[in-house]
1. Quick one: length gained pulling residue 107 to residue 84 fully straight, 0.36 nm per residue minus the C-alpha distance?
2. At a Förster radius of 41 Å, what calculated FRET efficiency corresponds to the Cβ-Cβ distance of residue 22 and residue 175, to the nearest 0.05?
3. Can you put 34, 158 in order, fewest other beta carbons within 10 Å first?
4. Suppose each label sits 7 Å from its Cα in the direction of the beta carbon; what would the residue 162-residue 144 distance come out to in nanometres?
5. Mind checking Rg over Rh on the stretch 75-174, alpha carbons, Kirkwood formula for Rh?
Amino acid sequence: MRVSTALLVSLLSANAFADIHTCEINQRTVYSDTPCNQISKTIQASTERQQSSHWWEELDGRNQYKHPILLDGPLDQRIDRVATIISEAWTKSADCQTAISTGDGGSSCKDFMKYIEPGTIFSQASRQYQSLNLYTKNRVKDQHKLATIKQQIHELVTFRSELKKHVQKQQLAQR
């Protein structure tokens, strides 16, 4: 309260050419040299910019990979479905790595990040794999497929952290 009163007094006592506007924002009185209607536009614009909190997210916030998947059925069929989803993520990461090495990581890296973020079919498949206990894993006919899934998940996690570091460096370089 003291700060706003002191600010108001200093604004009123200064030889300023700007008009002082009294605005009501979020049920609080604000004194500004900016017209009230411009302040609300600024607040709306900053809110819209904050909607997309990650560099890979689109402005509309939609992610086509966020939908429930059915991972029921016999064990080997579930493992096949999980392996297909994990393999798709691995392919997307390879596309992103290729794009980065050629200097264009934009759309393929965004697609990769959208594919592996929480709530996607990838995260559902990963949870399904991680929930398998040792006894269940030993009952899977194709043990090589389980080893491939484990290796691909490890590579995906490693690449994701490398990609985040790469993006941070790029963002710092642009500033």
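1. Working: separation 23, 0.36 × 23 = 8.28 nm, distance 2.19 nm.
Extending this stretch completely gives an extra 6.1 nm.
2. Details: r = 36 Å, r/R0 = 0.88.
Taking R0 as 41 Å, the efficiency between residue 22 and residue 175 is 0.70.
3. Values: 34 14, 158 11.
If I rank by nearby Cβ atoms, fewest first, I get 158, 34.
4. Between residue 162 and residue 144, the simple spin-label model gives 2.5 nm.
5. Checking Rg against Rh, the ratio lands at 1.05.
Each reported figure results from applying straightforward, stated rules to the coordinates on display, with no laboratory input. Since the structure is predicted, the reported quantities are computational estimates derived from the model, not experimental observations. Cβ sites come from the backbone with ideal geometry, for glycine too, and all protein chains shown count toward neighbours.
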